[in-house]
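Colleague: Let me give you the structure first, and then I'll get to my questions.
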Amino acid sequence: MTIKLTLDGERLPGSELTVSINFSIPSDDLSGQGSSTVDAETGDKPQLVRVRLLIPHKTPDDLKIIRDLAGKRAEDGSRHIYTIVNDSAQAMSIRQVKFHSEMLVKEDQKKAWWVNFVLKEHRSVAEKVEEQKDLSAKEQTAVETPTPAPVVENSEEKRIEKLVGIERWLSQGESWFE
């Protein structure tokens, strides 16, 4: 079986294609100086699709195709987001990717280039679930938050002004009795 990989419908050139996927499950150790196994979940990170393929020197345009895919930008200047089609990516629920980190091109004795690059998952399932939870929490907070009572402008300040006025009047009255 030949491994196939397409980005936005364009099949990657080359041969000896290998695809590996890195699914990171990060956490922070909370044991401090102790020997506890307690750790804190730090969220699911985007999956990384690592690609390796061989391009013969006799087809340098194939190398340029991959370089151009890696350098492609959206209108706003951000990296282009590709729709990926690959059996491993599909099995890991990866639908969209963008080039990430670096692209390594290494010459081989076989008169060919080994090309390695990483594609980073865009809009992961975990990210979509988290956004949905945040949206639900905001909507629930908006429903549960009581509306504040109308504020009477400077009511405390007006009360203080009246007290100060009364104190002045009383101090004037004291001089009458002396």
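The values are calculated or read from the model by the stated rules, or taken from the named source; none is laboratory data. For clarity, every value in this text was computed on a predicted model and none was experimentally measured. Cβ: placed from backbone, ideal geometry, glycine included. Neighbour counts: every protein chain shown.
Yes/no matrix, rows are residues, columns are (1) touching a strand residue (DSSP E or B) at 6+ places or on another chain (Cβ under 7 Å); (2) within 25 Å of Glu131 (Cα to Cα):
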site: Asn22; (1), (2): yes, yes
site: Ser31; (1), (2): no, no
site: Ser36; (1), (2): no, no
site: Val49; (1), (2): yes, yes
site: Ala91; (1), (2): no, yes
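Colleague: Next question. Residues of segment 63-86 being in a strand (DSSP E or B) and polar (S, T, N, Q), which ones? Give the steps one after another, and end with the answer.
Modeller: Step one: list which residues in segment 63-86 are in a strand (DSSP E or B), which gives 73, 79, 82-85.
Thr83 - this is the single residue of segment 63-86 that is in a strand (DSSP E or B) and polar (S, T, N, Q).
Colleague: I want to confirm something. Restricting to segment 108-128 and keeping residues that are polar (S, T, N, Q) and more than 17 Å from the chain's Cα centre (by Cα), which single residue is farthest from Lys4 (Cα to Cα)?
Modeller: The extreme case among them is Gln109.
Colleague: If the requirement is being exposed (fewer than 12 other Cβ atoms within 10 Å of the Cβ), modelled with pLDDT under 70, more than 30 Å from Arg52 (Cα to Cα) and of a type in the set (S, T, N, Q), which of these qualifies: Thr147, Thr141?
Modeller: Numbers: Thr141 fails: modelled with pLDDT under 70.
From the options Thr147, Thr141, the qualifying one is Thr147.
Colleague: Given the criteria closer than 22 Å to Ala126 by Cα, of a type outside the set (A, V, I, L, M, F, W, C) and part of a strand (DSSP E or B), does Ser24 qualify?
Modeller: It is false that Ser24 is closer than 22 Å to Ala126 by Cα, of a type outside the set (A, V, I, L, M, F, W, C) and part of a strand (DSSP E or B).
Colleague: Going through segment 51-62 one residue at a time, which ones are exposed (fewer than 15 other Cβ atoms within 10 Å of the Cβ) and not in a helix (DSSP H, G or I)?
Modeller: Keep residues of segment 51-62 that are exposed (fewer than 15 other Cβ atoms within 10 Å of the Cβ), which gives 57-61.
Within segment 51-62, His57, Lys58, Thr59 qualify.
Colleague: Tally up the residues in segment 27-50 that are over 20 Å from Asn116 (Cβ atoms) and either part of a strand (DSSP E or B) or touching a helix residue (DSSP H, G or I) at 6+ places or on another chain (Cβ under 9 Å) (or both), please.
Modeller: 9
Colleague: Among the listed residues Ile81, Ile94, identify the single one that is out of contact with any helix residue (DSSP H, G or I) (no Cβ under 7 Å at 6 or more places or on another chain), surrounded by 10 or more Cβ atoms within 10 Å (Cβ to Cβ), over 11 Å from Val49 (Cα atoms) and at pLDDT 95 or above.
Modeller: Only one candidate passes the filter, namely Ile81.
Colleague: Given the structure, is Glu131 under 18 Å from the mean Cα position of the chain (by Cα), part of a helix (DSSP H, G or I), touching a residue at least 24 places away in the same chain (Cβ under 8 Å) and over 18 Å from Ser20 (Cα atoms)?
Modeller: When the stated conditions are applied, Glu131 does not pass them.
Colleague: Mind checking which pairs have a first residue in segment 37-50 that is at positive phi and a second that is small (Gly, Ala, Ser) and outside any loop (DSSP other than H, G, I, E, B), Cβ under 8 Å, 6 or more apart or different chains?
Modeller: Gly43/Ala126
Colleague: Return a yes/no flag: does segment 99-107 have any residue that is among the hydroxyl-bearing types (Ser, Thr, Tyr), under 14 Å from Thr6 (Cα atoms) and assigned to a strand (DSSP E or B).
Modeller: Scanning segment 99-107, I find no residue that is among the hydroxyl-bearing types (Ser, Thr, Tyr), under 14 Å from Thr6 (Cα atoms) and assigned to a strand (DSSP E or B), so the answer is no.
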